[in-house]
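Here's the structure we're looking at; comments come further down.
The values are calculated or read from the model by the stated rules, or taken from the named source; none is laboratory data. These numbers come from a predicted model, not from an experiment. For neighbour counting, all protein chains shown are included, and Cβ atoms are generated from backbone atoms with ideal geometry for every residue, glycine included.
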Amino acid sequence: MFAKDAAIPLAEHPSFQALRELFARRIVVLDGAMGSMVQTYGLSEADFRGERFRDFQHDLKGNNDLLCLTKPAVIEEIHAAYFAAGADIVETNSFSATTIGMADYHLESIVTELNHAAVDCARRAARAAEAATPGRQCFVAGAIGPLNRTLSMSPDVNRPDYRAVSWAQVVAAYTQQVEALIDAGADLLLVETIFDTLNAKAALFAIDEVFERRALRLPVMVSVTITDASGRTLSGQTTEAFYNSIRHAQPFSVGINCALGGRAMRPYIEELARIAECHVSCYPNAGLPNAFGGYDESPADMAAVLQEFAQAGLVNLVGGCCGSTPPHIRAIAAAVRDIPTRQPVAVTPALRLSGLEPLLA
């Protein structure tokens, strides 16, 4: 807990205990990509608009989060397919459901409604999966994306001091999303695809403030993206430096997703597994994008890589990101089923700081 938590005891959401028990038993399975699955439906502009936004003056195609309102059956069907494939946790279709993310579509006014609808779609699929297999537990993670604006870097090379967004604006946007996800009944929160640590810290700050006001804490998972073979985030941090930057939030899990295929992630997952007191997650892309923007790794390819990670004792949670589908998740779930889960490490107390590089004092 944070030091200030001593003044306001925070109760734990019931999902904490259920997730602790699940993670203690075995490697847990996350779902795969939402966007890749949405593309398979070949939806048109009219589909994205639905009846409600039929006469809306701006284009809406590509706003996948909006489908929670205009095509909820599609989103629920995708969640259901991932549960059927063996996922224990599905992520809500709310990756861009903030006022900052929705500004591109002029839909800032429906952000709270979008997040509620996203949780509802996932929850219906979870209940159906639990009903189909009595005794099974299916969890809904409120997905919190990285935003399309960054606090660490200027979008104008001629004005390095300029920022397109302020800390206060980012915190306010994330606060609204977090409030909505919790109100709608998410079991946990997943701050994911982090490319700018300062954006992530704003999200974690917002989450902590919401928890304090409610005197209730949910499990929080954190997942960063390593942009290339340099092993750094887009804002320049190494894996260990990133972890030092966010470990104060005491995440339930920390991990890496997106950007790279699983095989290229290995050295960075190894680094996290060595230093993380919490669980470690890995949900890579189905390889790197090909010349046509597609992803070439088969279910067997992805499963083999994540099985290697599991056998090496590196992971507690596995799944897929861009290009992955229910067949990928089914293969991954089968590949790690009988492999013991990683044991979080006990870290020697020390002063751990970070800039672009970690500093151990």
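Return yes or no: is ALA350 among the small types (Gly, Ala, Ser) and either loosely packed, with under 13 Cβ neighbours inside 10 Å or free of Cβ contacts under 8 Å to residues at least 24 places away in the same chain (or both)?
Spelling it out, ALA350 is indeed among the small types (Gly, Ala, Ser) and either loosely packed, with under 13 Cβ neighbours inside 10 Å or free of Cβ contacts under 8 Å to residues at least 24 places away in the same chain (or both).
Regarding the range 293-315, can at least one residue be identified that is among the polar types (S, T, N, Q), more than 15 Å from PHE23 (Cβ to Cβ) and under 20 Å from the mean Cα position of the chain (by Cα)?
no
If I filter the range 120-133 down to residues being under 20 Å from LEU317 (Cβ atoms) and of a type in the set (A, V, I, L, M, F, W, C), which single residue comes out as surrounded by the most Cβ atoms within 10 Å (Cβ to Cβ)?
Restricting to residues being under 20 Å from LEU317 (Cβ atoms) and of a type in the set (A, V, I, L, M, F, W, C), the top hit is ALA122.
Here are some residues: ALA97, ALA80, ALA117, ALA103. Which one is modelled with pLDDT of 95 or more, of a type in the set (A, V, I, L, M, F, W, C), surrounded by fewer than 24 Cβ atoms within 10 Å (Cβ to Cβ) and under 21 Å from LEU188 (Cα atoms)?
Answer to the check: ALA80.
Which strands (runs of 3 or more DSSP E) sit wholly inside the range 134-226 and have at least 3 residues that are surrounded by fewer than 21 Cβ atoms within 10 Å (Cβ to Cβ) and among the small types (Gly, Ala, Ser)?
In the range 134-226, there are no strands (runs of 3 or more DSSP E) which contain 3 or more residues that are surrounded by fewer than 21 Cβ atoms within 10 Å (Cβ to Cβ) and among the small types (Gly, Ala, Ser).
Taking the condition of being charged (D, E, K, R) and surrounded by 19 or more Cβ atoms within 10 Å (Cβ to Cβ), how many residues in the range 7-36 meet it?
1
Answer yes or no as to whether GLY287 is free of Cβ contacts under 8 Å to residues at least 12 places away in the same chain and at positive phi.
Values: free of Cβ contacts under 8 Å to residues at least 12 places away in the same chain: no; at positive phi: yes.
Spelling it out, it is not the case that GLY287 is free of Cβ contacts under 8 Å to residues at least 12 places away in the same chain and at positive phi.
Which of the residues belonging to the range 322-354 are within 27 Å of ARG232 (Cβ to Cβ), at pLDDT 95 or above and out of contact with any Asp or Glu (no Cβ under 9 Å at 6 or more places or on another chain)?
Within the range 322-354, ILE332, ARG342 meet the criteria.
Which of the residues belonging to the range 272-294 are out of contact with any strand residue (DSSP E or B) (no Cβ under 8 Å at 6 or more places or on another chain) and of a type outside the set (A, V, I, L, M, F, W, C)?
Scanning the range 272-294 gives ARG274, GLU277, ASN290, GLY293, GLY294.
Can THR233 be described as of a type in the set (S, T, N, Q), farther than 30 Å from ILE182 by Cβ and surrounded by 18 or more Cβ atoms within 10 Å (Cβ to Cβ)?
No: the conditions fail for THR233.
Please enumerate the residues belonging to the range 265-300 that are part of a strand (DSSP E or B) and surrounded by 15 or more Cβ atoms within 10 Å (Cβ to Cβ).
Scanning the range 265-300 gives HIS279, VAL280, SER281, CYS282, TYR283, PRO284, ASN285, TYR295.
Given the structure, is HIS58 surrounded by fewer than 15 Cβ atoms within 10 Å (Cβ to Cβ), over 17 Å from the mean Cα position of the chain (by Cα), at positive phi and not small (Gly, Ala, Ser)?
no
Assigned to a helix (DSSP H, G or I) and more than 18 Å from the chain's Cα centre (by Cα) - does that describe any residue in the range 335-345?
Yes, there is a match, as at least one residue in the range 335-345 is assigned to a helix (DSSP H, G or I) and more than 18 Å from the chain's Cα centre (by Cα).
When you look at ILE110, is it part of a helix (DSSP H, G or I) and either under 18 Å from the mean Cα position of the chain (by Cα) or of a type in the set (D, E, K, R) (or both), yes or no? Can you show your working first?
On the way: part of a helix (DSSP H, G or I): yes; either under 18 Å from the mean Cα position of the chain (by Cα) or of a type in the set (D, E, K, R) (or both): no.
So ILE110 does not fit the description; no.
In this structure, is ILE256 without any contact (Cβ under 8 Å) to a residue 60 or more places away in the chain, in contact with a Leu (Cβ under 6 Å, 6 or more places away or on another chain) and not in a loop (DSSP other than H, G, I, E, B)?
When the stated conditions are applied, ILE256 does not pass them.
Got a sec? Which helices (runs of 4 or more DSSP H) wholly within the range 3-97 have at least 1 residues that are more than 23 Å from ALA173 (Cβ to Cβ)?
Because the criterion is at least 1 residues that are more than 23 Å from ALA173 (Cβ to Cβ), the helices (runs of 4 or more DSSP H) in the range 3-97 that meet it are 15-25, 35-39, 45-49, 72-85.
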